[in-house]
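Single-structure report; data block below.
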Amino acid sequence: MTFDTHTTELGGLPVFEYRSPEGMAAQRTWTEKHPRGHRETTDPLSLLAALRTPEAYAWRLRDSEGWEPREGDFVLRYYERFCSEVPPETVSALVVGNYEETMDLGEPEPIRDALLACAPRWTGLRSLFYADLTFREYEASWFTHGDLSAVPAAFPRLERLTVRGTGELSLPVAEHRSLRSLSLQGGGLPAELARQVMASRYPALEHLDLWLGIGNYGGTTTPADLAPLLNGEVHTGVRSLGLRNAEHTDLWVEAVAGSPALDRLEELDLSEGTLTDGGAQVLLDTPGFRGLRRLDLHHHFMSEEMEDRVREAFGTAGVDVDVSERLKVSEDDLYPSVTE
């Protein structure tokens, strides 16, 4: 679940969805025919207001506007229209999504190619969220992004990149000198993708957020695949690490506990996973965890007693700890947040 709402903020800016005049007209027609239906709306007055200060928004783009005939270039035509109305040099944050009924999940290239075609004009882009979809639109395991390695390369000044959908994602990047934050979200992180992240060179990287997921959805990444990071050999500037939505969170706690990288971390996010009392005891027994500034454990399977112990121990140490969303199930039913 978890992916139940669209992001409302990116790069410190509120998200505003772009609609062309034709799209808004089609939207009104659809609403009149389906009065009980629901569509996200962008009205002409709010669009005019946003266009006066385009730099104040993170702009949300759809693959289309949902009503155009399915033609090979319909995504590009929509992106080109956006570039004609919103000065490209003012755009610092983009949210790409959502796939409409017009998009074939087996053919993700039109979105990627339209983004790359417009990339030279978006010279000031700093933040990109690729495929901000909710589970009501598409389940996390359905994504087929393919090779997105050209996307970071197309935006050399990009600082924040989030991609939702990791099952069939390839992201080998030789070097990107500006990227400070990388988040890969999904129901399962393939080991090959994890190794690509380890092999990529990101000299400015400070925040790395990996949704590990479960084996049934391609989550084959193990601590061995992230050994270069945990051993302090790559991405040595990372101060905020997310190992989220893990099928075996306790295993990852043990891996981090014995990691040279722990001494450099300021924030550790183990949320959305399957933390039990066993993993929590490792957290309590390892002094390095108490040197963190923030520890996120929400959505866990600790007992009430252990939850209290963790809250008290880390609170006393001055760590901002989140132990919310305790789930009460047997250990045979442990499950991370993003499952289907």
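The values are calculated or read from the model by the stated rules, or taken from the named source; none is laboratory data. Quantities reported herein were computed from a predicted structural model and do not represent experimental measurements. Every residue, glycine among them, receives a Cβ derived from its backbone with ideal geometry; neighbour counts consider all protein chains shown.
Data for the structure
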{"item": "Of all residues making up the range 258-276, the number that are surrounded by fewer than 20 Cβ atoms within 10 Å (Cβ to Cβ) and more than 20 Å from Ser183 (Cα to Cα)", "result": "4"}
{"item": "Residue within the range 129-138 that is aromatic (Phe, Trp, Tyr), surrounded by fewer than 20 Cβ atoms within 10 Å (Cβ to Cβ), out of contact with any Phe, Trp or Tyr (no Cβ under 9 Å at 6 or more places or on another chain) and touching a residue at least 24 places away in the same chain (Cβ under 8 Å) present", "result": "no"}
{"item": "Candidates Phe314, Phe301, Phe289, filtered to the one that is over 26 Å from the mean Cα position of the chain (by Cα), surrounded by 20 or more Cβ atoms within 10 Å (Cβ to Cβ) and among the hydrophobic types (A, V, I, L, M, F, W, C)", "result": "Phe314"}
{"item": "Residue within the range 191-201 that is among the small types (Gly, Ala, Ser), crowded, with 21+ Cβ neighbours inside 10 Å and free of Cβ contacts under 8 Å to residues at least 40 places away in the same chain present", "result": "yes"}
{"item": "Scope the range 15-60; condition among the β-branched types (Val, Ile, Thr) and at pLDDT below 90; matching residues", "result": "Thr29, Thr31, Thr41, Thr42"}
{"item": "Residue pairs meeting the criteria (Cβ under 7 Å; at least 6 apart or on separate chains; first in a loop (DSSP other than H, G, I, E, B), in the range 1-15; second among the aromatic types (Phe, Trp, Tyr))", "result": "Met1/Phe135; Phe3/Phe135; Asp4/Phe135; Thr7/Phe129"}
{"item": "Strands (runs of 3 or more DSSP E) lying entirely in the range 126-192 (those with 2 or more residues that are among the aromatic types (Phe, Trp, Tyr) and under 15 Å from Leu116 (Cα atoms))", "result": "127-130"}
{"item": "Complete set of residues in the range 61-73 that are at pLDDT below 65 and either farther than 17 Å from Phe129 by Cα or loosely packed, with under 13 Cβ neighbours inside 10 Å (or both)", "result": "Glu65, Gly66, Trp67, Glu68, Pro69, Arg70, Glu71, Gly72"}
